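The values are calculated or read from the model by the stated rules, or taken from the named source; none is laboratory data. Predicted model only: the values in this text are computed from it and were never measured. Glycine gets a Cβ as well: all are built from the backbone with ideal geometry, and neighbour counts include every protein chain shown. Protein only, heavy atoms only, side chains kept; ligands, DNA and RNA dropped before computing areas. Shrake-Rupley method; radii C 1.70, N 1.55, O 1.52, S 1.80 Å.
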Amino acid sequence: AQGVPPGLGEPVFHKLDADLAGAILSIGGVKGVEFGIGFDAAEMYGSQVNDPMVMKEKKVGTITNNHGGILGGISSGEDIVIRIAVKPTSSIANPQRTVDREGREREITVKGRHDPTICPRIVPVAEAMTAIILADHLLRNRSSRAEHREQ
């Protein structure tokens, strides 16, 4: 997501990345979510994942975006980068083992497609879920700052 302002999210409860991950994982077939360099960070040194800060158009930004736009549960102002793993549909034409209602092992062969697959539609669905969470966090941010403006 581009154009997300810095400061959305909270450091403990309602972390932006946690809320985004929960929403994305609620999409059928999604089995994994990572932000920025994600799981690759586990194989790297801190010096390799560091995002040096610089001035960009009179605003603080980073040279790299290894953090995927979210630091400590709060948006940094950099692009939010999310990658997801999606499980393919399991109703395939190959014979498969199963168990019937009486507990007997059986073999079935599925003819035709009987379950919808999300894979061709995952990008707009994930973008929509992301937009919902970002809108929610924008409203939370706006409402929490409204009290301070009135004083």
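Okay, here's what the table says:
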read-out: Selection within region 4-30 - modelled with pLDDT under 95 and open to solvent by 40 Å² or more (accessible area, probe 1.4 Å); value: P5, P6, E10, P11, V12, F13, H14, G28
read-out: Among (1) of a type outside the set (S, T, N, Q); (2) more than 15 Å from the chain's Cα centre (by Cα); (3) not in a strand (DSSP E or B), the one test that A131 misses; value: (2)
read-out: Test: residue in region 32-41 that is loosely packed, with under 15 Cβ neighbours inside 10 Å, in contact (Cβ under 8 Å) with a residue 24 or more places away in the chain and either more than 17 Å from V123 (Cα to Cα) or under 13 Å from the mean Cα position of the chain (by Cα) (or both); value: yes
read-out: Residue list for region 62-109, filter: assigned to a loop (DSSP other than H, G, I, E, B), of a type in the set (S, T, Y) and closer than 22 Å to G46 by Cβ; value: T64, S76
read-out: Close pairs from region 90-106: first hydroxyl-bearing (S, T, Y), partner surrounded by 10 or more Cβ atoms within 10 Å (Cβ to Cβ) and not in a loop (DSSP other than H, G, I, E, B), Cβ under 9 Å, at least 6 apart; value: S90/Q96; T98/R106; T98/I108
read-out: Residue in region 96-103 that is open to solvent by less than 40 Å² (accessible area, probe 1.4 Å) and under 29 Å from V33 (Cβ atoms) present; value: no
read-out: Selection from region 46-90 of residues that are open to solvent by less than 40 Å² (accessible area, probe 1.4 Å) and of a type in the set (D, E); value: D51, E78
